[in-house]
Amino acid sequence: MSIFFLCIIGFVFSQEETIPWNADRKLQWSDFKGSYFKTEWAAATTATGISYAFTANEQNGQQFLGIEVKCVFFPQKSWYRPEICDSIILSHERLHFDIAELHARKFRKRLAEFRFTDNVKEEVRDIYKQILKELLIFQNKYDRETDFSKDLQRQLLWNRSIAEELVVEP
């Protein structure tokens, strides 16, 4: 069992400890530093977030945007119950982080393709909100279809599918 917890940062990058998504660095149980409530039904919680910051300036009548999008893991908000967690549950939790990264990439792509007006701040925020909504729906679908990692065959299918998407996406 696991539960997904989404942290939204928005415009300001948080000062708390984070681990940026990196294809070469997979989460380990030692990264989950938060403590769980005794009443929690889940085996683990993976706290991730997508944040952005941007600058906009005009030169010679042309608008230039600089947008930075990050996908991060929050160790202090993520936890696990060692007495019931195993490698299957860890792979499930890792995939929550990978799914957040895929949505950060979708956010970057939509921003790159969007034709901004003078309402850049609102337009970026609207795209961000839509991505977060899609991410939440996708994460819930993942948990439902894998039965929170208990359906091993479905979990393996999801692992393979997301791994392929991560390779295809830039």
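The values are calculated or read from the model by the stated rules, or taken from the named source; none is laboratory data. The shown structure was predicted, so the numbers you read here are calculated from the model rather than taken from an experiment. Note that each Cβ is placed from the backbone with ideal geometry, even for glycine, and that neighbours are counted across all protein chains shown. Please note that ligands, DNA and RNA were not included when accessible areas were found on the heavy atoms of the full protein model with its side chains. Shrake-Rupley method; radii C 1.70, N 1.55, O 1.52, S 1.80 Å.
If you filter region 116-141 down to residues that are within 13 Å of the chain's Cα centre (by Cα) and surrounded by 13 or more Cβ atoms within 10 Å (Cβ to Cβ), you find that the one that is nearest to HIS92 (Cα to Cα) is GLN139.
Candidates are the residues of region 24-64 that are among the small types (Gly, Ala, Ser) and open to solvent by 60 Å² or more (accessible area, probe 1.4 Å); the one that is nearest to VAL124 (Cα to Cα) is GLY61.
Picking from residues in region 144-169 that are open to solvent by 70 Å² or more (accessible area, probe 1.4 Å) and of a type in the set (A, V, I, L, M, F, W, C), the one that is farthest from ASP98 (Cα to Cα) is LEU152.
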